[in-house]
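This report refers to the structure that appears directly beneath it.
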Amino acid sequence: MNENSLKFSFPPKIDPLNVFPISWPESPKITYDLFALAKAQLWDPETLPWDTLRDAKLSAEERLAIGYWFSILCIFDAAAPPVFAHALIEMFKNKEEDGVRKCFSTILRDELNHEEICRKSTMICLPGNPFGPLEWTPKTALEKGAYNNIQWAYHNGARYWEGYVKAFDKYPFAVMFTSFLMGEVAATTLFSEMGKAASIPVYREVFKLVSRDESRHARMALYLTKRTFPNLPQEQKDFITKQLRAGFIFLSLILFKPFPGKFWELPDTFLEYHNTLQDAAQSGGLGIISLKAREDAWRNAMLKVKKTVEAYGIEFPAMPEVGLTGFEVAEEDLETIVPVF
């Protein structure tokens, strides 16, 4: 065929934010190493000894409390699959590095496992073995208090989700995920210690595996941080300061202690029932560590992240709840920030 006689027609230009054309933007080796590690460390919740929870000699209050604890954890771990699925779509649209996309696909897979832990725990422990943390009818005063707390927790989760989706139109992906780094660093320690403290065998396994996942997630978040922070404008640096503060307050509900009024819209009855149920879950063998141990884990995580962000000229926020001074973030600013867990 004579090349000079060929007359090609060309398709219209593709929107830059479409996932097409297909490409695999170059990534550093660390991202592929983490991707390979995630595949090697993949685990299956179905293989864990769930009979040790079903057959555990728990009081009705202790069993309810364990179901309640995982119902609250659902705000983070059961909502994480859509959070990371949405992020993954945005990464493909914005032609993020191939290795980063692959790593986030494994984080999504990990979070599906964590969601499954929540599902199994709530179905085994909540009255009537429901297919959802609100799909049962409370009868006793403690059950009604637990149910009402879950309702309010999910009200706040819904507020979070709406803000999260909208935030992708305003902020770069890596900047949004700054609070993810601190949460993962803290969660690595918290879940590891819970695994050691748990007396129910399935949770010794669960928390050990989840801690290992969180450690790997933190390494990915740290890579994004070091890649992105050197060239940030001041406006985005200021946003990160607020993001770190909001991330701690958001995760504190279950991984530290609730702070009503600081982002959280909670009724006056919330704390009393939450503390009673958390104590019952602890006595039942869930492995909840002391408030002092939780505070220490958060402080250590914050000090690590503080060192990282300050190296790039980003102010670390004051965290008086764990005894750290820093930039004072106004309470009203927390309403406009979207933490990522």
#### Entry: Cα centroid separation, the range 96-119 to the range 217-290 (Å)
20 Å
### Using alpha-carbon coordinates, inclination of helix 291-310 to the longest axis of the chain, degrees
20 degrees
### Summary
Inter-part gap, Cα centre of the range 33-92 to Cα centre of the range 199-216, in whole angstrom, is 10 Å
### Task
Quick one: what are the phi-derived ³J(HN,Hα) couplings along the range 276-282, Karplus 6.51/-1.76/1.60 with θ = phi - 60°, whole Hz, x for glycine and proline?
4, 5, 5, 4, 5, 5, 5
### Summary
Semi-axes of the range 51-336 from the Cα gyration tensor (sqrt of 5 times each eigenvalue, largest first, whole Å) come to 32, 20, 18
### Query
Taking K and R as +1 and D and E as -1, what net charge do the other residues with C-beta under 14 Å from the C-beta of residue 144 add up to?
-2
### Message
Straight-line reach from residue 292: which lysines fall under 30 Å, measuring Cα to Cα and dropping same-chain residues less than 8 apart?
### Response
57, 120, 144, 196, 208, 242, 257, 262, 304, 306, 307
### Query
Which order, highest average first, do 270-277, 228-235, 62-69 follow once you tally other Cβ atoms within 10 Å for each residue and take the mean per peptide?
62-69, 270-277, 228-235
#### Entry: Karplus 3J(HN,Hα) series, Hz, for the range 186-199 with 6.51 cos²θ - 1.76 cosθ + 1.60 (x for Gly, Pro)
5, 5, 4, 6, 4, 6, 4, 5, 5, x, 6, 7, 5, 9
### Query
If the cut-off is a Cα-Cα distance under 17 Å, which lysines reach residue 29, setting aside same-chain residues fewer than 8 apart in sequence?
39, 102, 226
### Highest to lowest packing among 39-51, 296-308, scored as the average C-beta count within 10 Å
296-308, 39-51
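Bear in mind that the values in this text are calculations on the coordinates, not laboratory data. Predicted model, so just to flag it, every value in this text is computed and none were measured. FYI the Cβ positions are ideal-geometry reconstructions off the backbone, even for glycines, and counts take in every protein chain you see.
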